[in-house]
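First the structure, which I've put down as structure tokens, then a few questions once you've had a look.
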Amino acid sequence: MIDFIAHNLAPIMFVTVMAMLLIGYPVAFTLAAGGLLFFVIGVELSHISSEIRLFWPLLQSHPERIYGIMYNDTLLAIPFFTFMGLILERSRMAEDLLDTIGQLFGPVRGGLAYAAVLVGALLAATTGVVAASVIAMGLISLPIMMRYNYNRGFATGTIAASGTLAQIVPPSLVLIVMADQLGRSVGDMYVGALLPALVIIAAYCLLVFAVTIFKPEWAPALPPETRKLGGGVMSLILLIAASVAIYFATYHTVFAEMRGEVRLVWAATTATIFALLFSLANRYLKLNILSRLAEQVVIVLIPPLALIFLVLGTIFLGIATPTEGGAMGAAGALLLAIVKRRLTFTVLKQALDATTKLSAFVMFILIGARVFGLTFYGINGNVWIEELLLALPGGEIGFLLTVTVIVFILGCFLDFFEIAFIMVPLLVPAAETLGIDLIWFGVILGINLQTSFLTPPFGFSLFYLRSIAPMKEWKDEVSGRILPAVKTTEIYKGAIPFIIIQFLMIILVISFPGLVTHYKKESTVNPSEVEINIPSFGSGNDGGPGFGLPGGLGSSPFGAPPGQSGGSDGGAQNNGLQLPGLGGLPPIGAPADAPEAAPQEQEQEQEQEQKPATPDLSQPPSFD
């Protein structure tokens, strides 16, 4: 029995910890406690199984591993984006957007549903927090939809699905964490996720359009007396046309001498400022050139769109890192709240409290995951997971479909932070072995987690919406009618069409990787002309690692694998560089197949080395 446990400690540990998480124990403490408990068991069983590489001094590595979390600049973007989203939500930007876009689409059947989808996308691109988006839209849109006789299932499903767009639309917190765990650039992750996110938004709008065609009574247009901003769409179209003309004019004249990206930024900024200033002048100078609708749409939409560009545009153009973009976004959100005179001490305190709680939550989960990971890797758990996944039939497609099912099921019970910090690091080695692009893999996981947020009975978005939807009959203050409660089954039924769209999107992204891998830029370098010289940085026969790095690049916390200890049998091992795929390299500076010199030639070379070389002052100095 002891032998069986020793040889199967990795699956026993994994199943035990996952079972404790699914029961509902706190994630950070479960991971840390499970890691320490199985560390003790592993040390005691290490003399039975050669697969267990755990010993007591290894516990001393935990402080350095925990400090490594704090040194991670990428994770610093999480509090910035969270704070930005909470400030915007507390300053009632969602309310303004929903009201204005609802008035814009009011004359159209399903106009409020279109408004919910578009505002959900805008909130996702500015807040990146699912809970904030779902709750804000549920509080504002749901009563209005019920007032004008929208089907309750369709209304709740649209709101819940639109709120989950914050999972996949940049600057999503999911994509930040996913990029960090996959070891890839957050900017590349954002660029790769952008096109699938736009396709999902378009699919949601297409579903709303289909409902208005086949079930028009589910999504009626707003009655004329409720359209307080009136008509005037034509003046909005003319203003947009004028702004586009200014963009092209300045792009080809005023900013023609600038670099391409800089020209685009300044030309777009000029056109946007023109539209905003003209609308403000029309309102405060009583010009009456624009309609009230056009004026309100421009004044309400441009600030959040400018904030989106400030965050995402600077990241996509390479002007700022995601952390710097998050900092600018947080500052921009504060500025918008000040301009609208909605930044109070209470709002600021609530946003800071919520940001601190979320940041501490993430930090403690990461600490627990580090403790868990050290033990799990020490008992070769990563090897067990990799061999298990690589043995799946179907190769790359079989792996992706299996992982999709596993992550989807876990997403119904666990938060995405927990899945990202526990599961993703275990899946990466198998994905790399199969040659899967990790940005593509991360976007598939992000869409998958978005789907799990909608799936009954444990979808988090459904829980958020259930918490704010009326659970009993209520009186509408505007119409004076008594409206029925929203049943939980109606929320579940309303989410099903959007879940189907999400599954189809996962299949589409798996079938057409180019939707994501377009982030790769064409290389203009001819590989045949590239010459790579690998210098020796003083890592000779002293056994020390190169570049002053402990254990060499890419080393595990358990030292070198068996048979690759850093001895004095060659500089290639001693310098700590792990060069995959190059096989046995010859000593640096020597030909690959140099023939052995004759004994007489060796004696002559030794005599020449003993004689001091006479420098030739007529030649330039040599630094070999």
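Criterion first (among the hydroxyl-bearing types (Ser, Thr, Tyr) and farther than 14 Å from residue 138 by Cβ) does residue 467 satisfy it?
On the way: among the hydroxyl-bearing types (Ser, Thr, Tyr): yes; farther than 14 Å from residue 138 by Cβ: no.
No; evaluated as a whole, the condition is false for this residue.
Turning to a different aspect of this structure: Report the residue count in the range 219-237 for those that are closer than 13 Å to residue 108 by Cα and hydrophobic (A, V, I, L, M, F, W, C).
Total meeting the criteria: 4.
Would you please list the contacts, defined by Cβ atoms under 6 Å and residues six or more apart or on different chains, that run from a residue in the range 258-269 that is under 16 Å from residue 320 (Cβ atoms) and in a helix (DSSP H, G or I) to a residue that is open to solvent by 50 Å² or more (accessible area, probe 1.4 Å) and not basic (Lys, Arg)?
261/317
State all residues of the range 463-516 that are over 28 Å from residue 415 (Cβ atoms), open to solvent by less than 40 Å² (accessible area, probe 1.4 Å) and either polar (S, T, N, Q) or not in a loop (DSSP other than H, G, I, E, B) (or both); if no residue qualifies, say none.
483
Suppose we filter 53, 92, 65 for residues that are basic (Lys, Arg), under 20 Å from residue 468 (Cβ atoms) and at pLDDT below 85; which single one remains? Let's see the steps before the verdict.
On the way: 53 fails: under 20 Å from residue 468 (Cβ atoms); 65 fails: under 20 Å from residue 468 (Cβ atoms).
Testing whether each residue is basic (Lys, Arg), under 20 Å from residue 468 (Cβ atoms) and at pLDDT below 85 leaves just 92.
Follow-up question, since we're still on this one. Of the numbered conditions (1) at pLDDT below 85; (2) part of a helix (DSSP H, G or I); (3) open to solvent by less than 20 Å² (accessible area, probe 1.4 Å); (4) closer than 30 Å to residue 234 by Cβ, residue 106 fails exactly one; give the number of that condition.
(2)
Could you please find all residues in the range 317-361 being out of contact with any helix residue (DSSP H, G or I) (no Cβ under 7 Å at 6 or more places or on another chain), open to solvent by less than 70 Å² (accessible area, probe 1.4 Å) and closer than 24 Å to residue 186 by Cα?
Within the range 317-361, 318, 321, 331, 360 qualify.
Every residue, every condition in (1) of a type in the set (Ser, Thr, Tyr); (2) open to solvent by 10 Å² or more (accessible area, probe 1.4 Å), yes or no:
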| site | (1), (2) |
| --- | --- |
| 417 | no, no |
| 420 | no, no |
| 424 | no, no |
| 428 | no, yes |
| 437 | no, yes |
| 445 | no, no |
| 453 | no, no |
| 461 | yes, no |
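Right, here's the next one. For the range 6-27, which residues satisfy the criterion of being open to solvent by 50 Å² or more (accessible area, probe 1.4 Å) and either under 17 Å from residue 417 (Cα atoms) or among the β-branched types (Val, Ile, Thr) (or both)?
The answer is 12, 15, 16, 20, 22, 23, 24, 25, 26.
Within the range 64-81, can you find the residues that are over 14 Å from the mean Cα position of the chain (by Cα) and either more than 19 Å from residue 175 (Cβ to Cβ) or open to solvent by less than 20 Å² (accessible area, probe 1.4 Å) (or both)?
64, 65, 66, 67, 68, 69, 70, 71
Then there's this: Taking residue 253 as meeting all but one of (1) open to solvent by 50 Å² or more (accessible area, probe 1.4 Å); (2) among the polar types (S, T, N, Q); (3) touching a helix residue (DSSP H, G or I) at 6+ places or on another chain (Cβ under 9 Å), write down the number of the exception.
(3)
From 237, 213, grab the single residue that is out of contact with any helix residue (DSSP H, G or I) (no Cβ under 9 Å at 6 or more places or on another chain), β-branched (Val, Ile, Thr), at negative phi and open to solvent by 60 Å² or more (accessible area, probe 1.4 Å).
Details: 237 fails: out of contact with any helix residue (DSSP H, G or I) (no Cβ under 9 Å at 6 or more places or on another chain).
From the options 237, 213, the qualifying one is 213.
From (1) in a helix (DSSP H, G or I); (2) surrounded by fewer than 19 Cβ atoms within 10 Å (Cβ to Cβ), pick out the condition that doesn't hold for residue 30.
Evaluating residue 30 over (1) in a helix (DSSP H, G or I); (2) surrounded by fewer than 19 Cβ atoms within 10 Å (Cβ to Cβ) leaves (2) as the failure.
Here is a further query. Would you mention how many residues in the range 380-414 are open to solvent by 30 Å² or more (accessible area, probe 1.4 Å), touching a residue at least 60 places away in the same chain (Cβ under 8 Å) and either in contact with a strand residue (DSSP E or B) (Cβ under 9 Å, 6 or more places away or on another chain) or not in a helix (DSSP H, G or I) (or both)?
Total meeting the criteria: 2.
Tell me which residues, restricted to the range 256-280, are within 14 Å of residue 297 (Cα to Cα) and surrounded by 16 or more Cβ atoms within 10 Å (Cβ to Cβ). Let's see the steps before the verdict.
Step one: of the range 256-280, the residues within 14 Å of residue 297 (Cα to Cα) are 272, 275-280.
Those that are within 14 Å of residue 297 (Cα to Cα) and surrounded by 16 or more Cβ atoms within 10 Å (Cβ to Cβ): 272, 275, 276, 278, 279.
If you don't mind, another one. For the range 208-246, which positions are touching a residue at least 60 places away in the same chain (Cβ under 8 Å) and in contact with a Phe, Trp or Tyr (Cβ under 7 Å, 6 or more places away or on another chain)?
Passing the criteria: 208, 211, 218, 219, 220, 222.
Does the range 166-180 contain at least one residue that is of a type in the set (Val, Ile, Thr), over 21 Å from residue 309 (Cβ atoms) and over 34 Å from the mean Cα position of the chain (by Cα)? Break it down stepwise before answering.
First pass over the range 166-180, keeping only residues of a type in the set (Val, Ile, Thr): 168-169, 174, 176-177.
Add one more test, that the residue is over 21 Å from residue 309 (Cβ atoms), and what stays is 174, 177.
Within this subset, residues satisfying the condition of being over 34 Å from the mean Cα position of the chain (by Cα) are none.
No, because not a single residue in the range 166-180 is of a type in the set (Val, Ile, Thr), over 21 Å from residue 309 (Cβ atoms) and over 34 Å from the mean Cα position of the chain (by Cα).
Any residue that is under 17 Å from the mean Cα position of the chain (by Cα), assigned to a helix (DSSP H, G or I), within 23 Å of residue 75 (Cβ to Cβ) and hydroxyl-bearing (Ser, Thr, Tyr) - is there at least one of those in the range 322-336? Working first, answer last.
Step one: of the range 322-336, the residues under 17 Å from the mean Cα position of the chain (by Cα) are 322-327, 329.
Filter once more, keeping what is assigned to a helix (DSSP H, G or I): 322-327, 329.
Now narrow it down to the ones that are within 23 Å of residue 75 (Cβ to Cβ): 322-327, 329.
Cutting the leftovers down to hydroxyl-bearing (Ser, Thr, Tyr) gives us 323.
Yes; the residues of the range 322-336 include at least one that is under 17 Å from the mean Cα position of the chain (by Cα), assigned to a helix (DSSP H, G or I), within 23 Å of residue 75 (Cβ to Cβ) and hydroxyl-bearing (Ser, Thr, Tyr).
Further, regarding this structure: Just checking, which of 166, 161, 197 is of a type outside the set (Lys, Arg), open to solvent by less than 10 Å² (accessible area, probe 1.4 Å) and modelled with pLDDT under 85? Before you say what the answer is, go through the steps one by one.
Working: 161 fails: modelled with pLDDT under 85; 197 fails: modelled with pLDDT under 85.
The match here is 166.
Please work out which residue is modelled with the lowest pLDDT, limiting yourself to the range 1-38 and to residues that are within 18 Å of residue 367 (Cβ to Cβ) and small (Gly, Ala, Ser).
28
The values are calculated or read from the model by the stated rules, or taken from the named source; none is laboratory data. All figures in this text were calculated on a predicted structure; none of them were measured in a lab. Positions of Cβ are generated from backbone atoms using ideal geometry, with glycine treated the same way; all protein chains shown enter the neighbour counts. Remember, those area values only see protein heavy atoms, side chains included, never the ligands or the DNA or RNA. Shrake-Rupley method; radii C 1.70, N 1.55, O 1.52, S 1.80 Å.
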